[in-house]
């Protein structure tokens, strides 16, 4: 599996789509910040303002660019069959799943970090006595909002939001096994978020514990404890990686070898032919 991971990470980092995702996220946040930037007066307040808009949701689509179409590309060039012949199906799928998730997280982190650094050429990181400074104790990673650790705060916030982007990137990769279209793969996070938020969470009136937006938005407090909120978000991401990875493995296994029922039927037919011969 180590060789698969090395190959897939090399493939992702060398891809132009990884750089496109980073630049796209930074430009998206910059465009959304134009209207309020001179009102807020700081990078921190502008980033917080963006978190209440559709900006993070749209950025999830950019996070699918680095590696969510890997199964689609492999199927087009028969790389999946060749890779599985050289190794195990599980290693092939696990490598792709991990790189797809990590690619989405890294794209979000580098994209927001690029946005922050570009704004800092003109505006300070934060302004004393602003709303965020006065309420920093109530948000996740708020203890890092200080002159010496403000960049670390931006990285942590981006990484935590990137966990949700990674989940949607895996969902996009799974959907690409059914609908073999790159545009659909990019749009899948928007469709998935709309379905989860409006039909499942709001439609069924689920508590915040099952609200993905509440889990990965630092302004919400599910458990009333910041450490518990962060730990729960990480646990949900790990569960999603394992669950979606298993679904992807089963789907590829059916596509390559057929269902268990089909395998039994083929085996019985071969046994029957042997007997008749």
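Readers should treat all values here as calculations from the given coordinates under stated rules, not as data from a laboratory. Please read these numbers as outputs of a predicted model, since none were measured by experiment. When we count neighbours, we look across all protein chains shown, and the Cβ atoms used for this are built from the backbone with ideal geometry, even at glycine.
Here the peptides 100-106, 211-217 are ranked by packing, the mean other Cβ count within 10 Å, and the order with the highest first is 100-106, 211-217.
A full extension of the chain between residue 178 and residue 242 corresponds to an added length of 21.1 nm, given 0.36 nm per residue minus the alpha carbon distance.
How would you order 183-196, 154-167 from highest to lowest mean count of nearby Cβ atoms within 10 Å?
Values: 183-196: 17.1, 154-167: 23.8.
With the highest mean Cβ count within 10 Å placed first, the list reads 154-167, 183-196.
Between residue 78 and residue 257, the contour length at 0.36 nm per residue exceeds the alpha carbon distance by 63.0 nm. In this rough spin-label picture, where each label sits 7 Å from Cα along the Cβ direction, the residue 221-residue 35 distance is 3.0 nm.
The slack in the chain from residue 210 to residue 128, taken as 0.36 nm per residue of separation less the alpha-carbon distance, amounts to 26.0 nm. Label positions at residue 90 and residue 16, each projected 7 Å from the Cα along the C-beta direction, are separated by 3.9 nm.
The label-point distance for residue 117 and residue 1, in a model that sets each label 7 Å from Cα toward Cβ, rounds to 3.3 nm.
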